[in-house]
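First comes the structure, then the notes that go with it.
The values are calculated or read from the model by the stated rules, or taken from the named source; none is laboratory data. All values derive from a computational prediction rather than experimental measurement. Glycine also receives a Cβ, built like all others from the backbone with ideal geometry; neighbour counts cover every protein chain displayed. For accessibility, only protein heavy atoms count, side chains too; no ligands or nucleic acids. Shrake-Rupley method; radii C 1.70, N 1.55, O 1.52, S 1.80 Å.
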Amino acid sequence: MFLWAWLIGWSAFVLPLSIASLRGWAPRRVRSRTTPWSIRVRGVALLVMWVGGLVVPLGRWGGLVDEEAMFLLPAAQAGLMLFAAGLISGSQLGDRFRRRAAHSQAVDQGVGEQL
């Protein structure tokens, strides 16, 4: 029963968010701070998280309950979650570097200076 509840709940929570991010939808405050590329990368990261959250329950449901599988499935889940976290961190770093470069370029050009 718990496996079904987890599969349905996890899919109902993460899958719509990832599809919306892949399509480029985000709240207005997020769109003003990030690029469309970054929003799509976060959508891919959410899809990877979705798959990572389903690895162990689907493995147990499929009958993989021996000792080797119980070591491999959580390791695969942790690897997918870390990969997703790396994608999100990379997109945030890219946005930060882009903003810093735009700010330093504006300072070099003297945009916003008063005479």
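Dipole of the chain computed with +1 at Lys/Arg Cβ and -1 at Asp/Glu Cβ about the Cα centre; of Leu82, Ala102, Ala45, farthest Cα towards the positive end is Ala102.
Accessible surface calculations at 1.4 Å, restricted to protein heavy atoms, place the chain at 71 Å² per residue. Principal-axis analysis of the Cα atoms of the chain puts helix 36-61 at an angle of about 10° to the longest axis. Shown for the chain: the carbon plus sulfur share of the solvent-accessible area, taken with all protein chains present and a 1.4 angstrom probe, equals 67%.
In a simple Cβ point-charge model (Lys, Arg +1; Asp, Glu -1; nothing else charged), the chain has a dipole of about 680 debye relative to its Cα centre. For the range 36-115, what is the relative contact order in percent, using Cα pairs closer than 8 Å and at least 6 residues apart in sequence? With pairs under 8 Å counted, the relative contact order is 42 percent.
An ellipsoid equivalent to the chain, defined through the eigenvalues of its Cα gyration tensor, has semi-axes of 41, 16, 7 Å when rounded to whole angstrom and sorted largest first.
Per DSSP H run of n ≥ 4, the term is -39500 (n - 2.57); total these for the chain, divide by its residue number, and report the mean residue ellipticity at 222 nm rounded to 500 deg cm²/dmol. It lands at -29500 deg cm²/dmol.
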